[in-house]
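A short reminder: the numbers here are calculations on the coordinates, not readings from a lab. Since we're looking at a predicted model, the values are computed, not measured. All Cβ positions, glycine included, derive from the backbone under ideal geometry; neighbour counts span all protein chains shown.
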Amino acid sequence: MANSAVSQSTNLEPQFHEEAFPWKHIIGYVLSLVLTGAALWCALGYHLRGSALIVTILAMAVLQIVVQLFLFMHLTESDGTRAHVWTICLGFFFTFVVVAGTIWIMSFGSQVA
Amino acid sequence: MKNFFVTGDPMIYASDVLIVLVLVGIIFTLTYFKKWGWLWREWLTTVDHKKIAIMYLICAILMLFRGGVDAELMRTQLAVPNNHLLSAEHYDQIFTTHGTIMILFMAMPILFAMFNAAVPLQIGARDVAFPYLNAVSFWLFFFGALLFNISFVIGGSPDAGWTSYPPLTELQFDPGPGENYYLLAVQISGFGSIATGINFMATILKMRAPGMTLMKMPLFCWSVLASCIVILFAFPALTGALLLLTLDRVVGTHFFTMLAGGNPMQFINLFWIWGHPEVYIVVLPAFGIYSEVVSTFSSKRVFGYKSMVFSLMAIAVVGYLTWVHHFFTMGAGADVNAFFAISTMCVGIPTGVKVFNWLLTMFRGRIRLNLPMLWTLGFIPNFALAGATGVMLAAAPGDYQYHNSYFLVAHFHQALIGGVVYGMLAGMYYWWPKLFGFVLDERLGKWAFWFFNIGFYVCFMPQYELGFMGMTRRMYTYPANMGWTTLNFISTIGAYLMGIGFLFIGAQIVYSIFRGQRDLTGDPWNGRTLEWSLPSPPPAYNFAQIPHVQERDEWWRIKQAGLADAYRKVNLNELEPIHMPKNSGIPFLMGVSFFVGGFGLVFGWTVVAIIGFAGVFLCLLARSLQEKTDYHIPVSEVQQTEISLGRA
């Protein structure tokens, strides 16, 4: 928190170690573009249908989360507090609720269609 | 360009004249008193949480006025049958702007005003975790609100309801800039809200004074933490929904059209994934304020602190699982509706726990009926009714009868006015002396309370009945033979009474600026938490020395131990330089850039949009390349400030 208003300790240096070249970020950036593009290609080009399409997109979404957490958010690089664990668990819970809930709620449309 | 300015309606022309007069007045005053530099240095570039709180508060009160005028126009239109004061189209625009402004440009900023006013002071911090980001949040909100508000004189207001459901909001059914205004203004201010959520979550988790464990935190901070968690997980759904609808309108995609494989119900699903938690985003901090106020004005510690914390968190999580109750009638099936009906009713349990805790806090307390307490007492019966009617609406089969009727309108106004507005007004009266250094006048405030509170019931109780009689929301007029005339007329009288209440609040603020009782002690209410240990208003750095906290109601403990006077004295020799963030003009310029970019997209002017968003990028770049974003206040300056405050 080098930019924070009031660091209460005198140590103002960043707490994570810095790489010479941001390889992680570049790999992560490329991977997230590839994953997004692949999902779009599947849906837009009608290459998959029905549950196969949904399962594929979900799998890519999970990979996307892994990319974000490990390559951008440095999940493993510092010892987290209990608050970190709690918020990450909450994040997974809410993500699950939104995705699973939406599929459950909106699948009525397939009966209509 | 022919339809650039809205024409034809005398009320709009009157507004044009007023807007020009006010602008000329502001520019003249600032120039005449040579205040432009002051405005830039002290306000537009500030990153001080206390000043940002004041700016949020001023904007919120102005927006309450704007949304209130919309409400009075609607009630005037509905006072008698077959009324044609407003045309159907104009009425549509007014209920749309009323809803959007009240939720997004009134409730959210007044909420953030309270966050900024109280949280850093309560946890013993000198500012929020990311003060620069805090300023960015404010200016994104400000320019989002400005973009939304100019729509009624330039280009035309949105007219598809604050929920903006497709397919009505698709380009083919609703051409023109109106809906674009809604989408972009809400999007821009939404970015700011997400940033505020992150900011205060980090502040509360990371910036507490030594000794203040989470379970020693004031309940308001807990409620802000709960609210921020919900902001962080709910707002991205709105961002996504608005983005997809914007793409539909601007680029011609088919996410929500019936043709080409789109599904309009998906927008409704995404909208309410944000929309229902949004209710808890705004009401949880109000609960926090009630807890502070009840405890302070009963001179007792809050009853059941741990159950209060638990129920706040339970509401935050369970409240996230209820969104389908806004569209039971979509017909997703009995299993889906049953699940969401039950989860909705479950939210009533932790809320009930809180109500009983407030009552038991007052039990055998020495209650003082100052304005914050008055609004808190007004809230409790109000919210009990809102909860009861909420459970009625939550019963899915019953909801098929109440859906989109005036029963629903009355219910959510009771929850949002009775819960949120009362809470924010209580908070405003409570922390006003801390922000401004004077207390708001009690006598005028009591007039305001009674007009508003009585007006509220006169306005909304008849609307429950009208709902049962079949009157649906958003209808711009009704025939005389429906039997709705009397109740509508009574409701309009109530709306006027509430309007008079608001005018009393305005009068009270103006009167108190000149005649209000100055707060020289810093502790006008005999408070219990750390903000009341500071002078009113506190110095820029808040705490000359960061306090070491021992107990939950730390300031109360210090006072009870007879140490208050000693505690207020700073030992000048022990002071150290204070590390603070520098002011920056970039957040303001970034807001201007977003405004220009948004305005360009609203009218489909690509060049203007590109210029605006290039400006945003330049602001980001400029900030990334800045080396020195912070500085130290030297000891001598801190000493002088503390001496001038009489604390040395």
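Each Lys and Arg contributes +1 and each Asp and Glu -1, all at the Cβ; summed about the Cα centre of chain B, the dipole is approximately 1700 debye.
In straight-distance terms, cross-link reach from B:Lys216 covers every one of the lysines whose alpha-carbon lies under 30 Å from its own, apart from those fewer than eight places away in the same chain; here that gives B:Lys50, B:Lys51, B:Lys206, B:Lys300, B:Lys306, B:Lys354, B:Lys434, B:Lys559, B:Lys569.
Where the alpha-carbon atoms of chain B are placed on the principal axes, they occupy 76, 59, 47 Å, in descending order. A dipole drawn for chain B from +1 and -1 charges on Cβ atoms has a positive end, and of B:His413, B:Leu57, B:Met428 the residue lying farthest that way is B:Met428.
Axis of helix B:406-415 versus longest Cα principal axis of chain B: the two differ by about 10°, to the nearest ten degrees.
Evaluate E = 1/(1 + (r/R0)^6) for B:Thr31 and A:Val55, where r is the Cβ-Cβ distance and R0 equals 45 Å; express this FRET efficiency to the nearest 0.05. The partial results should precede the final answer.
Numbers: r = 65 Å, r/R0 = 1.45.
In this case the efficiency is close to 0.10.
Taking each residue as 0.36 nm, the span from B:Leu620 to B:Met215 lengthens on full extension beyond its C-alpha to C-alpha distance by 142.0 nm. Amide H contacts of B:Asp630: B:Lys582, each under 5 Å away and 5 or more positions distant or on a separate chain (H built 1.01 Å from N in the peptide plane; Pro and chain starts excluded).
Within a Cβ distance under 12 Å of B:His411, other residues only, what is the Lys/Arg minus Asp/Glu net charge? Spelling it out: positives minus negatives among the neighbours equals 0. In this simple spin-label approximation, A:Phe96 and B:Tyr631 carry label points 7 Å from Cα along the Cα→Cβ vector, and these lie 5.1 nm apart.
Each residue of the stretch B:183-196 was assigned a 3J(HN,Hα) from its phi angle through the Karplus expression (A = 6.51, B = -1.76, C = 1.60, θ = phi - 60°), giving 4, 6, 5, 5, 4, 5, 5, x, 4, x, 5, 4, 4, 5 Hz with x at Gly and Pro. Applied to the stretch B:202-207, the Karplus parametrisation 6.51 cos²θ - 1.76 cosθ + 1.60 on θ = phi - 60° returns per-residue 3J(HN,Hα) values of 5, 4, 6, 6, 10, 10 Hz, with x for Gly and Pro. For the protein assembly as shown, a simple Cβ point-charge model (Lys and Arg +1, Asp and Glu -1, everything else neutral) yields a dipole of about 1520 debye relative to the Cα centre.
Kirkwood Rh, Cα Rg: Rg to Rh for the protein assembly as shown? Write out the running numbers ahead of the final one.
Working: Rg = 26.1 Å, Rh = 27.5 Å.
When Rh is taken as the Kirkwood radius, the ratio is 0.95.
Each other residue within a Cβ distance under 12 Å of B:Ala135 adds +1 if Lys or Arg and -1 if Asp or Glu, for a net charge of +1. If R0 is 22 Å, the Cβ-Cβ spacing of B:Val391 and B:Phe468 corresponds to a FRET efficiency of close to 0.85. Please work out, to two decimal places, the log10 of the ratio I(q)/I(0) at q = 0.20, 0.22 Å⁻¹ from a Debye calculation in which every Cα of the stretch A:22-78 carries one identical scatterer. Relative scattering, expressed as log10 I(q)/I(0), comes to -0.71, -0.79.
For B:Cys228, A:Cys89, what's the fewest-to-most ordering of other Cβ within 10 Å of each Cβ? Mind showing how you got there, number by number?
Details: B:Cys228 27, A:Cys89 10.
By the 10 Å Cβ count, ascending: A:Cys89, B:Cys228.
Summing +1 for each Lys or Arg and -1 for each Asp or Glu among the other residues whose beta-carbon sits under 15 angstrom from that of B:Arg528 gives +3. With respect to chain B, whose longest principal axis is taken over its alpha-carbon atoms, helix B:305-318 is tilted by about 30°. Neighbour counts of C-beta atoms inside 10 Å place B:Leu247, B:Leu121 in the sequence B:Leu247, B:Leu121, starting with the fewest.
If you take the Cα Rg of the stretch B:367-468 and divide it by 2.2 N^0.38 Å, with N the number of residues, what do you get?
Numbers: Rg = 16.0 Å, N = 102, 2.2 N^0.38 = 12.8 Å.
Normalised Cα radius of gyration, the stretch B:367-468: 1.25.
Roughly speaking, what is the centre-to-centre gap between the stretch B:374-431 and the stretch B:207-267 when only Cα atoms are used, to the nearest Å? Cα centroid of the stretch B:374-431 versus Cα centroid of the stretch B:207-267: 22 Å apart. Taking the centroid of alpha carbons for each part, the stretch A:37-97 and the stretch B:475-495 are 52 Å apart.
If we count other beta carbons within 10 Å of each Cβ, what is the order of B:Thr213, B:Thr322, fewest first?
Numbers: B:Thr213 9, B:Thr322 23.
Going from sparsest to densest Cβ surroundings: B:Thr213, B:Thr322.
Between 0 and 90 degrees, the angle of helix B:49-78 with respect to the longest Cα principal axis of chain B falls at about 30 degrees.
Can you compute the FRET efficiency between A:Thr81 and B:Thr253 using 1/(1 + (r/R0)^6), with r the Cβ-Cβ distance and R0 = 41 Å? Round to the nearest 0.05. For R0 = 41 Å, the calculated efficiency reads 0.45.
Label positions at B:Glu574 and A:Val30, each projected 7 Å from the Cα along the C-beta direction, are separated by 5.7 nm. Look at where the Cα atoms of the stretch B:576-623 and of the stretch B:352-366 average out, and the two centres are 47 Å apart.
Counting every Cα pair in the stretch B:31-77, what percent are over 15 Å apart?
The proportion of pairs with Cα distances above 15 Å equals 62 percent.
Each of B:Ser307 and B:Glu42 was given a label point 7 Å from its Cα along the Cα-to-Cβ line. The distance between the two points is 4.8 nm.
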